[in-house]
Amino acid sequence: MKPPSEIRSRVHNEIVDYIAREILQNARRRIELDQALISSGLIDSFHLVDLALFVEAAFNVRIEDSELSTSVFDSVRELTEFIMERMQDDIA
């Protein structure tokens, strides 16, 4: 089993890559860990749903409708931590 830091890094990189390529359509776009995604307007509500569907498929986690919010999705760091918690819950 891979160490949590390696998994966290993979999750982070896949999220950043997806946002840059699929949502912003600019693969070279740099997205910082704590950059505001939703509250800054970088990601709108339609893309939020796309991102949630990607996360569910890529990391095999379930996201409830009530979790589609800035408290979970407003930064890559927040979303990565959410995914890591869900993955940990699935292991336990």
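The values are calculated or read from the model by the stated rules, or taken from the named source; none is laboratory data. Treat the numbers as computed from the prediction; the structure is a model and nothing was measured. With ideal geometry, Cβ positions are generated from the backbone for all residues, glycine too; neighbour counts draw on all protein chains shown.
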*Is there any pair linking a residue in the stretch 19-47 that is closer than 13 Å to L79 by Cβ to one that is surrounded by 10 or more Cβ atoms within 10 Å (Cβ to Cβ) and of a type in the set (F, W, Y), with Cβ under 7 Å and at least six apart or on different chains, and which?*
L37/F73; I38/F73
*asked:* Quick check on this structure: which one of R29, R86 is assigned to a loop (DSSP other than H, G, I, E, B), at pLDDT below 95 and surrounded by 13 or more Cβ atoms within 10 Å (Cβ to Cβ)?
replied: R29
*Might you check whether a residue that is among the basic types (K, R) and free of Cβ contacts under 8 Å to residues at least 12 places away in the same chain occurs anywhere in the stretch 7-16?*
yes
*Can you work out which of the residues in the stretch 41-73 that are part of a loop (DSSP other than H, G, I, E, B) and within 16 Å of D17 (Cα to Cα) is farthest from the chain's Cα centre (by Cα)?*
L42
*So which of E67, E81, E56 is among the charged types (D, E, K, R), surrounded by fewer than 16 Cβ atoms within 10 Å (Cβ to Cβ) and touching a Phe, Trp or Tyr at 6+ places or on another chain (Cβ under 9 Å)?*
E67
